[in-house]
Amino acid sequence: MTTIAVDAMGGDHAPRPEVEGAVLAARELGVRVLLVGQTAAVKHELAKHSHRGLDIEVVPASEVITMEDSPTQAFRKKKDSSVHVAAKLVRNGQADGLVSAGNTGAVMAVARFGLGTLPSVDRVALAARFPTARGGVSVLLDVGANVDSKVAHLEQFAIMGEIYYRAIFGTRRPKVALLSIGEEEMKGNELTREAYNRLKQLPINFVGNVEGRDVFAGNVDVIVCDGFIGNVALKISEGVAQLIITMLKNALQSTLSAQVGSLLSRRAFRDFKKKIDYSEYGGAPLLGVRGVAVISHGSSNANAMKNAIRVAAGLARAKTNEKIEQELSAVAAAARP
């Protein structure tokens, strides 16, 4: 059985959504969950749920990393924090992956230095999913693990993203593109222009440049960019999605509340909201570390935590790390004179 360690103290409303999400995951997904955190608080929350027969265990951790903590200081000083202990469980082979909705910088620091990176990986990358107009999903990376990136890093992001897409979505040959300000090869800054030429030489299905609007179009599967641009794109997209949900909800309430068709409209609204709700995607995997690490939104609800556990379990079962290391090693070997 796949075992996932959950940082039960990380999110904005911890440990409530973490515990409820763990119960849902253990019941619906057939995974074993280790809830890591302050024992009394976690057990108090767990007692509110029917969990008899579910494979859930509480693992003690005395410290909590808050959103206000400096990632570097938290990594160095809070060695018995819930995310530290969760990472140790993965490193020691007691868990197949970890999930945290905690301080993103701190979680990345613990994952990168506590678990270490794969031998062939220079920079890890956060990969975020986006719903598309065609009903599928596109993956954008990096969305915040790195502020500055070099061409060699974008090459690795492309390979890791392509492997991730194959492993999770089953597409044999995903279309990989580079995020730029125009589709033409000569468009973009120095980084994207040089990266374009290098990505063409990789053993992936590279289809060229795409623009920001193409993230949601569904014409490509994996979109590569540096972490600064990716994080801005992610945050803008989350804001727009929330704006659309709010505006649509207000419009339905004001115009259809007294009409016979309001019930159908509410159902359509729920279906629409589900498609663009970040909680359905769970979290962003940190690709390139030794072990599986999924970072969720700080305000994640129980559904988001359940889906983050699902993503982590899927990555572990697909042996994504082994495939990343194999293919990056092959590319490096091919590049040697």
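Does residue 242 meet the test of being at pLDDT below 90, assigned by TED's automatic domain parsing to the domain that holds residue 158 and either under 30 Å from residue 103 (Cβ atoms) or surrounded by 12 or more Cβ atoms within 10 Å (Cβ to Cβ) (or both)? Criteria met by residue 242. Count of the range 86-102 residues, restricted to those that are in contact (Cβ under 8 Å) with a residue 24 or more places away in the chain and surrounded by fewer than 24 Cβ atoms within 10 Å (Cβ to Cβ), is 5. When residue 135 is tested against (1) buried (at least 22 other Cβ atoms within 10 Å of the Cβ); (2) assigned to a loop (DSSP other than H, G, I, E, B), just one condition goes unmet, and that condition is (1). If you filter the range 144-168 down to residues that are surrounded by 24 or more Cβ atoms within 10 Å (Cβ to Cβ) and of a type in the set (A, V, I, L, M), you find that the one that is modelled with the lowest pLDDT is 145. Within the range 227-241, being under 21 Å from residue 196 (Cα atoms) and in contact with a strand residue (DSSP E or B) (Cβ under 9 Å, 6 or more places away or on another chain) holds for 227, 229, 230, 231, 233. Among the numbered conditions (1) assigned to a loop (DSSP other than H, G, I, E, B); (2) over 22 Å from the mean Cα position of the chain (by Cα); (3) without any contact (Cβ under 8 Å) to a residue 12 or more places away in the chain, the only one that residue 76 does not meet is (1). Restricting attention to the range 169-194, the residues that are in contact with a Lys or Arg (Cβ under 9 Å, 6 or more places away or on another chain) and either buried (at least 18 other Cβ atoms within 10 Å of the Cβ) or in a helix (DSSP H, G or I) (or both) add up to 4. Looking at 31, 85, just one residue is in the same structural domain as residue 110 (by TED's automatic domain parsing) and either touching a helix residue (DSSP H, G or I) at 6+ places or on another chain (Cβ under 8 Å) or among the acidic types (Asp, Glu) (or both), and that residue is 31.
Can you say whether residue 213 is among the basic types (Lys, Arg) and either part of a helix (DSSP H, G or I) or assigned by TED's automatic domain parsing to the domain that holds residue 108 (or both), as far as the supplied structure shows? So that I can check it myself, show each step before the final result.
Numbers: among the basic types (Lys, Arg): yes; either part of a helix (DSSP H, G or I) or assigned by TED's automatic domain parsing to the domain that holds residue 108 (or both): yes.
Considered against the rule, which asks whether it is among the basic types (Lys, Arg) and either part of a helix (DSSP H, G or I) or assigned by TED's automatic domain parsing to the domain that holds residue 108 (or both), residue 213 comes out as yes.
Restricting attention to the range 170-189, the residues that are β-branched (Val, Ile, Thr) and either touching a Pro at 6+ places or on another chain (Cβ under 6 Å) or at pLDDT below 90 (or both) add up to 1.
For the range 170-179, check the following and say yes or no: at least one residue is among the basic types (Lys, Arg) and free of Cβ contacts under 8 Å to residues at least 12 places away in the same chain. Yes - at least one qualifying residue is present in the range 170-179.
For the condition outside any helix (DSSP H, G or I), buried (at least 24 other Cβ atoms within 10 Å of the Cβ) and modelled with pLDDT under 90, residue 282 qualifies. Once the range 79-110 is narrowed to residues that are hydroxyl-bearing (Ser, Thr, Tyr) and either part of a helix (DSSP H, G or I) or under 19 Å from the mean Cα position of the chain (by Cα) (or both), the residue that is nearest to residue 18 (Cα to Cα) is 100.
Residue-by-condition table, conditions (1) modelled with pLDDT under 95; (2) within 17 Å of residue 294 (Cα to Cα):
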position	(1), (2)
4	no, yes
14	yes, yes
19	no, yes
42	no, no
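Within the range 5-16, identify whether any single residue is assigned by TED's automatic domain parsing to the domain that holds residue 108, closer than 13 Å to residue 95 by Cβ, surrounded by 14 or more Cβ atoms within 10 Å (Cβ to Cβ) and not aliphatic (A, V, I, L, M), and answer yes or no. There is at least one residue in the range 5-16 that is assigned by TED's automatic domain parsing to the domain that holds residue 108, closer than 13 Å to residue 95 by Cβ, surrounded by 14 or more Cβ atoms within 10 Å (Cβ to Cβ) and not aliphatic (A, V, I, L, M). Looking only at residues in the range 40-73 that are part of a strand (DSSP E or B) and among the acidic types (Asp, Glu), which one is surrounded by the most Cβ atoms within 10 Å (Cβ to Cβ)? Checking each candidate, the answer is 63.
The values are calculated or read from the model by the stated rules, or taken from the named source; none is laboratory data. The structure presented is a predicted model; accordingly, all values stated were derived computationally and were not measured. Positions of Cβ are generated from backbone atoms using ideal geometry, with glycine treated the same way; all protein chains shown enter the neighbour counts.
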